[in-house]
Amino acid sequence: EELLGIMEECIAELSEDHREVILLRLYAKGSWSWVAEQTGRPTEGAARELFRRAKVALVSAVSKRTRIKDE
């Protein structure tokens, strides 16, 4: 439950593009073609790359936040 709260806080702090692609893909369970359309990306591959970068940013933010709490 605590980790979920941390994730939600970190998602809220992502850039608008990253937050949007995370929400569309993970929460709305959108297909790659739909995610590409909603985010204005020209291809599914471009949407996947945006999602990959967003995940890296999210994992980094969560990691920092949980590391701080453990210290």
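The values are calculated or read from the model by the stated rules, or taken from the named source; none is laboratory data. These numbers were taken from a predicted model, which means no experiment stands behind them. Every residue, glycine among them, receives a Cβ derived from its backbone with ideal geometry; neighbour counts consider all protein chains shown. The protein model used for the area step is the full one, side chains on, heavy atoms only, and it has no ligands, DNA or RNA in it. Shrake-Rupley method; radii C 1.70, N 1.55, O 1.52, S 1.80 Å.
Odds and ends about this structure:
- For the stretch 27-71, a residue qualifies if it is more than 24 Å from GLY5 (Cβ to Cβ), among the small types (Gly, Ala, Ser) and in a helix (DSSP H, G or I), and the qualifying residues are SER33, ALA36, GLY45, ALA46, ALA47.
Residue by residue, here is whether (1) in contact (Cβ under 8 Å) with a residue 12 or more places away in the chain; (2) open to solvent by 70 Å² or more (accessible area, probe 1.4 Å); (3) within 9 Å of the chain's Cα centre (by Cα) holds:
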| residue | (1), (2), (3) |
| --- | --- |
| GLU2 | no, yes, no |
| LEU14 | yes, no, yes |
| ILE22 | yes, no, yes |
| GLY45 | no, no, no |
| ARG48 | yes, yes, no |
| VAL56 | no, yes, yes |
| VAL62 | yes, no, no |
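- Against the numbered list (1) open to solvent by less than 70 Å² (accessible area, probe 1.4 Å); (2) touching a Phe, Trp or Tyr at 6+ places or on another chain (Cβ under 9 Å), GLY40 comes up short only at (2).
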